[in-house]
Amino acid sequence: MRLRAALFNIHLWLGLIAGAFIALLGITGAIMAFEPEIEHAEHPHLWFVSAPPDARPLTLAQISTTISQTFPADTITGYQVSTEPGLSYQIGLTKSLVFVNQYSGAILGQLRFGGTDLLNVIHQLHTHLLFRGLGNLGAKVVTGAALVLFCMLLSGLYLWWPLKRFTVSWRGSAARRSWFDLHNAIGIVSLLMLFALCATGIAIGFEKSSTRVFYRITSSQPVPRPALQIPVPAANVMQIGPDSAFAIARAALPGTTPFEADVPARNEAYFVRARFPEDRTPGGRSQLIIDSYTGRVLFAQGSRTAPAGARMVIANRAIHTGDIGGMPGKALVSLASLAAVLQVVTGLLMWLKRSQRDVEPLR
């Protein structure tokens, strides 16, 4: 009984101290699970295009010409090619992101960098509380909140086990009993998903250490990635264009679709991101470095053939975001995140409705 009472008090005070942060992570996490879908719905005129039957997209060189003519005072910095026929291309400029219909070449609009985007604010809140100062203190607080929630899940499971209550009683005026039952029911139903979210979130928070652990437990070694800097050849030698870089990337990693590349400086190689069909994460997990003059592939690592440690890192992030399960996985992550918020709310209501004689956990 002493252990049970001690764990109850620890569970209570951890919740009171870190509850606000846990609720914030839950709310932002529930939204971020559908981040791409929300972004598309927020600006449908920028993201969605009609794909005519048998139509072929324009080349990036053709699109670049249109962009340069439309924005003569700006410079193209990168390309984002959609891997779905109904989504537009995005061309990065120094001051904005331009959306282009890849079939007609029509410019759909632009989003300027540095503007107030609610979805981006939510993302930054979830990852580092909008504060990167003092050694990225915000990210450390986020990781700390995940650690606290993990401890609360363990202590909550211990406290729930003797009673094993699944039902919620709404009888009479016993409001605290109702909140207690609801707290128990939500906690046990969402327990496994919250454990997964906490564990993967902690691994992301301690990414350098967790990556070393992943490689160690899989007895694998990371593949060294060369720097982007390359020798500049003699004068009059031109860099290859983005269309050539994407074609080389497709040949180097068969089965992938390259979707993003930065425009390299004179002394830089192309850095290309690609994805296999099963790679559900928006960022892709296959990467290539291509000499921007010779077209030689300097580095190529696909998510299918990456070292086991790297594949564990990829899987960890995909589990945390729900991408690993597609739309059902995202829905589970979103619901589990909301469950964490409800746990904070019901726990707080229980505490506010406590009586002077409530000195032990409810039975």
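The values are calculated or read from the model by the stated rules, or taken from the named source; none is laboratory data. If you're wondering where the values come from, they're calculated on a predicted model, not measured in any experiment. Because the Cβ atoms are built from the backbone with ideal geometry, glycine has one as well, and the counts that use them run over all protein chains shown. Keep in mind that these areas ignore ligands, DNA and RNA; they rest on the heavy atoms of the full protein, side chains included. Shrake-Rupley method; radii C 1.70, N 1.55, O 1.52, S 1.80 Å.
What a 1.4 Å probe finds exposed on the range 28-130 is 57% carbon and sulfur by accessible area, rounded to a whole percent. For residue 96, the residues 5 or more places off, or on other chains, whose built amide H falls under 5 Å of its own are 113. Rounded to the nearest 20, the Cβ-based charge dipole of the range 261-311 about its Cα centre (Lys and Arg +1, Asp and Glu -1) stands at 160 debye. Packing, taken as the mean count of other beta carbons within 10 Å per residue, orders the peptides 33-40, 241-248 from highest to lowest as 241-248, 33-40.
Annotation: per residue accessible area for the chain equals 54 Å², rounded to a whole number [probe 1.4 Å, protein chains only]. Computed about the Cα centre, the dipole magnitude for the chain is approximately 1700 debye when only Lys and Arg (+1) and Asp and Glu (-1) carry charge, each at its Cβ.
Between 0 and 90 degrees, the angle of helix 60-70 with respect to the longest Cα principal axis of the chain falls at about 90 degrees. Of the listed residues 327, 312, 32, the order by accessible area with a 1.4 Å probe, largest first, is 327, 312, 32. Counting lysine pairs in the chain that sit 8 or more residues apart in sequence, or on different chains, and whose Cα atoms lie under 28 Å apart gives 4.
For the chain, take the longest principal axis of its alpha carbons; what is the angle in degrees between that and the long axis of helix 308-321, to the nearest 10 within 0 to 90? Once rounded, the angle reads 60 degrees.
Count Lys and Arg as plus one, Asp and Glu as minus one, and take only other residues whose Cβ is under 13 Å from that of residue 347; the net charge is then +2.
Between 0 and 90 degrees, the angle of helix 175-189 with respect to the longest Cα principal axis of the chain falls at about 40 degrees.
Among the listed options [x] 90, 55, 38; [y] 59, 46, 38; [z] 86, 47, 41, the one matching Cα extents along the principal axes in Å as calculated from these coordinates is [z]. Dipole orientation for the chain: of the candidates 288, 232, 244, 288 has the Cα lying most toward the positive pole (charges on Cβ; Lys, Arg +1; Asp, Glu -1).
Highest mean packing first, where packing is the average number of other Cβ atoms within 10 Å per residue, the peptides 59-67, 22-30 line up as 22-30, 59-67.
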